[in-house]
C-alpha cells in the first residue's frame, strides 16, 4: 500500500510543538503547554523545550517531586529521570585507585597465569571462594578487590567444558557453566586496555529448544531467592509525586532493605489506558495478539528503604508508577547486592561467524559475556567487549551505572540489554560492532537512561517489549531502521508510553529495503511487529524524518479485522493513493533542530540538586 506523507509534520517554532496525539484532528498541544513560561533565566536557553518548561512548572519547589495541582495534561509531563545511576546520580563512582581501601585479591596468587595457553577459570573461582571464607571468619574486612594484572587471562576453554554436555539437566548447565560472583562489596578490576579476560570456548544452551537459553559467562549479584516478606500498600499517589508510602504492616522491614513495588492490573480499562489511543490487537479467531499485555498490565519498581515510622515507609527514589484507589500494590523484600564494580579491562569472546538473527543458539548467545543481576548502587566502567554475541545484561537491578563502554569486533546479537530494572544510567556507550540490537531495554524497565551514546547507522535500539514505560534516550546517535527493536508478537508493544528520544541524531542511510523516512511508523501497519505507544521525539537531527498519522495504523487494523476504531480513521483515497491525516504517532517537538536543555537527564539532575 502506498501512502502520501502526512502533511502535518513538525515545523520549528520558538517552542515548536506538534503531534500531541489527542483524539482531535488539529494536532494542537494543550493550552497549558503552549502558554508555559520559565521565569528563571538559568533554566532556559535558545529553543527551550515546552516539555522542559512543563516539567519545571509541575515540580514542588522544595522536594522537586510532581505536584498535584500543576494544571497540565498528563501527556504534557515527562518522567523524572534524575535519580538514575549509582548513588541516585548524586555521587561520583568510587575511586578504586586507592588500593589501601580494599582487601586486594590478585588472581595470580591463586594460580592464574597471564598470557599462557591454560584456563584461569578455576583460579578466579578460587578467589571468590576465598573471599567468602574470609568474610565468614571476620566481620571487619574491607571491600574486596579481585585484581587482574596486565595480560590475557583465559576464563573459559575446552578444558573447562570437557565435563559438560547437552545431556545434562537445565539446572546443571545453568549452574556449572558460568562464573558466579555472588558476593557484595566487591570490585573486579584490571589494568585498562592492558588486561583481557578471554572467553575462548562457548557455553551450551540450558535448553536445546530455546535459542535464548545460553547463560552469560560472568554473572555478578545476589542469588535468586524469595525472602517471603511482603505487605500491601494502602496509600495512593500519582506517579513521581512521592517517596513515601503507607503499608498495612512494616514490622518485618528494616532501613536498608531492598524492596520491590509490584502491581498486576487485569481490568480492560487500565490496559487500554496504557496503550491509548490504540486498542489491543487480535487474531482472526478473536484471540489477543498481544497476549502478555492482555493477561495483565504489570508494574514493577525497586527501591531502598531509607526510613520507617509506624507503617509509613520512606524510599530512596520516587515511586515511578501511579498508585490508585482500587489497585492492589505489594511491597516485598528482595535480594540485592550493593557496591559492586566491574572496571578497567577487556572482555573478549570468540565469535567469528557471520551473524544470522535467530539462526541458532550459537548465533543468539554463544559468547555472552557479563550479567549484572540483582544489584544496586553498582557500576560497570571502562570496559571493552570484543567478538561477543551478547555483551552486557542488567537484570532485576536498580541505580546502576554503565559508563565508558565499547562493543567492537565481529557483529553479534545484542550490545547492552536492560530488563526488569529501574534507574539504570548508561552513558558514553559506543557500539562499533554493528550488533543486531543496539543497546536498549525491555521487560517492565522504567526510569532508565542512555546518555551520549552511539551505535551503527544500519541498526536500531533494542526495545524488546513486555511493558517497559518511561525511559530516555538522551543525545543518542545511530540508525532508525525497522526490524531491530525486537519482541515477539505476544510481547508487543515494544514500549508503552513515556519513551523519549531527546536531541538524538538519525544517522540512517536511505535504502530500498529501509524505512520510509517521509512516513516513519512507530506503529508498523505492515507487520505484527514494531509498536511504540506514543513516544516523544524532541530535537531530532540528522536524516530528516516525518512521521505517520495514527489513523494510518488504525485504518489498517480495521481493514484486517485486528481492532475497531470507528471515527478515529481519517484516511481518504486521493489520486489512487491513501492519504491519512490527523494526530501523529508521536509527540513531536522541534523536528530538525536540537532543543534546550541539551541533555534532559543532566538538566533534571541539576535542577533537583541545585535549584
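The values are calculated or read from the model by the stated rules, or taken from the named source; none is laboratory data. From a predicted model like this one, the values you see are computed outputs, not experimental measurements. Here the Cβ is made from the backbone with ideal geometry for all residues, glycine too, and neighbour counts use every protein chain on show.
Within the range 172-216, the set of residues being more than 17 Å from residue 371 (Cβ to Cβ) and free of Cβ contacts under 8 Å to residues at least 24 places away in the same chain comprises 172, 209. Scanning the range 141-182 for residues that are surrounded by 13 or more Cβ atoms within 10 Å (Cβ to Cβ) and part of a helix (DSSP H, G or I) returns 170, 172, 173, 174, 175, 176.
Here are 382, 339, 389: which of them is touching a helix residue (DSSP H, G or I) at 6+ places or on another chain (Cβ under 7 Å), surrounded by fewer than 24 Cβ atoms within 10 Å (Cβ to Cβ), over 28 Å from residue 241 (Cβ atoms) and in contact (Cβ under 8 Å) with a residue 12 or more places away in the chain? I'd like the intermediate steps shown before the answer.
Details: 339 fails: touching a helix residue (DSSP H, G or I) at 6+ places or on another chain (Cβ under 7 Å); 389 fails: surrounded by fewer than 24 Cβ atoms within 10 Å (Cβ to Cβ).
Residue meeting the stated conditions: 382.
Residue by residue through the range 514-542, note down the ones that are out of contact with any helix residue (DSSP H, G or I) (no Cβ under 9 Å at 6 or more places or on another chain), more than 25 Å from residue 466 (Cα to Cα), crowded, with 18+ Cβ neighbours inside 10 Å and in contact (Cβ under 8 Å) with a residue 60 or more places away in the chain. Listed by number, the list holds a single entry, 539. Of the residues making up the range 48-69, just one is more than 20 Å from residue 605 (Cα to Cα) and in contact (Cβ under 8 Å) with a residue 24 or more places away in the chain, namely 68. Close Cβ contacts (under 8 Å, 6 or more residues apart or on different chains) running from residues in the range 77-101 that are outside the structural domain of residue 191 (by TED's automatic domain parsing) and under 29 Å from residue 534 (Cα atoms) to residues that are surrounded by fewer than 23 Cβ atoms within 10 Å (Cβ to Cβ) and modelled with pLDDT under 95 comprise 77/70. Collect the residues in the range 39-65 that are more than 28 Å from the chain's Cα centre (by Cα), in a helix (DSSP H, G or I) and under 17 Å from residue 599 (Cβ atoms), keeping them in residue-number order. 42, the sole residue that qualifies. Out of all the residues in the range 124-133, is one or more over 33 Å from the mean Cα position of the chain (by Cα) and over 20 Å from residue 218 (Cα atoms)? Yes, the range 124-133 has at least one match. Output yes when any residue across the range 183-197 is more than 28 Å from residue 335 (Cβ to Cβ) and touching a helix residue (DSSP H, G or I) at 6+ places or on another chain (Cβ under 9 Å), and no when none is. No, there is no match, as no residue in the range 183-197 is more than 28 Å from residue 335 (Cβ to Cβ) and touching a helix residue (DSSP H, G or I) at 6+ places or on another chain (Cβ under 9 Å).
Does the range 513-529 contain at least one residue that is within 24 Å of residue 322 (Cβ to Cβ) and under 16 Å from the mean Cα position of the chain (by Cα)? Taking every residue of the range 513-529 in turn, none turns out to be within 24 Å of residue 322 (Cβ to Cβ) and under 16 Å from the mean Cα position of the chain (by Cα).
Only residues that are buried (at least 16 other Cβ atoms within 10 Å of the Cβ) and either within 26 Å of residue 593 (Cβ to Cβ) or touching a helix residue (DSSP H, G or I) at 6+ places or on another chain (Cβ under 8 Å) (or both) were counted across the range 544-561, and they come to 9. Out of 452, 404, one residue alone is in contact with a strand residue (DSSP E or B) (Cβ under 6 Å, 6 or more places away or on another chain), assigned by TED's automatic domain parsing to the domain that holds residue 219 and either under 25 Å from residue 75 (Cβ atoms) or in a strand (DSSP E or B) (or both). It is 404. Does the range 180-192 include one or more residues that are modelled with pLDDT under 95, more than 19 Å from residue 397 (Cα to Cα) and in contact with a strand residue (DSSP E or B) (Cβ under 7 Å, 6 or more places away or on another chain)? Among the residues of the range 180-192, not one is modelled with pLDDT under 95, more than 19 Å from residue 397 (Cα to Cα) and in contact with a strand residue (DSSP E or B) (Cβ under 7 Å, 6 or more places away or on another chain), which makes the answer no.
Being under 27 Å from residue 33 (Cα atoms) and either assigned to a helix (DSSP H, G or I) or not assigned by TED's automatic domain parsing to the domain that holds residue 521 (or both) is the filter here, so list the residues in the range 555-597 that pass it.
The answer is 567, 568.
Here the range 282-313 is the region considered, the condition is being touching a helix residue (DSSP H, G or I) at 6+ places or on another chain (Cβ under 9 Å) and free of Cβ contacts under 8 Å to residues at least 12 places away in the same chain, and the residue that is surrounded by the fewest Cβ atoms within 10 Å (Cβ to Cβ) is 287. Looking across the range 475-498 at every residue that is touching a helix residue (DSSP H, G or I) at 6+ places or on another chain (Cβ under 8 Å) and surrounded by fewer than 23 Cβ atoms within 10 Å (Cβ to Cβ), the one that is nearest to residue 322 (Cα to Cα) is identified as 497. Residue 274 meets all of the listed conditions (1) surrounded by fewer than 20 Cβ atoms within 10 Å (Cβ to Cβ); (2) over 24 Å from residue 75 (Cα atoms); (3) touching a strand residue (DSSP E or B) at 6+ places or on another chain (Cβ under 7 Å) but one, namely (2).
Is there a residue being under 30 Å from residue 97 (Cα atoms) and modelled with pLDDT of 95 or more anywhere in the range 327-334? Let's see the steps before the verdict.
Step one: of the range 327-334, the residues under 30 Å from residue 97 (Cα atoms) are none.
No.
For the range 225-264, a residue qualifies if it is surrounded by 12 or more Cβ atoms within 10 Å (Cβ to Cβ) and at pLDDT below 95, and exactly one does: 227. Residue count for the range 14-38 satisfying the condition of being modelled with pLDDT under 90 and assigned to a loop (DSSP other than H, G, I, E, B): 15.
Mind listing whichever residues of the range 598-611 are assigned to a loop (DSSP other than H, G, I, E, B) and modelled with pLDDT under 95? First the steps, then the outcome.
Let us first name the residues in the range 598-611 that are assigned to a loop (DSSP other than H, G, I, E, B), namely 598-599, 611.
Within the range 598-611, 611 is the sole residue that qualifies.
Reported count of residues in the range 482-513, each being in contact (Cβ under 8 Å) with a residue 12 or more places away in the chain and over 14 Å from residue 468 (Cβ atoms), is 16.
Conditions tested, residue by residue: (1) exposed (fewer than 13 other Cβ atoms within 10 Å of the Cβ); (2) in contact with a helix residue (DSSP H, G or I) (Cβ under 7 Å, 6 or more places away or on another chain).
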residue: 103; (1), (2): no, no
residue: 108; (1), (2): no, no
residue: 124; (1), (2): no, yes
residue: 138; (1), (2): yes, no
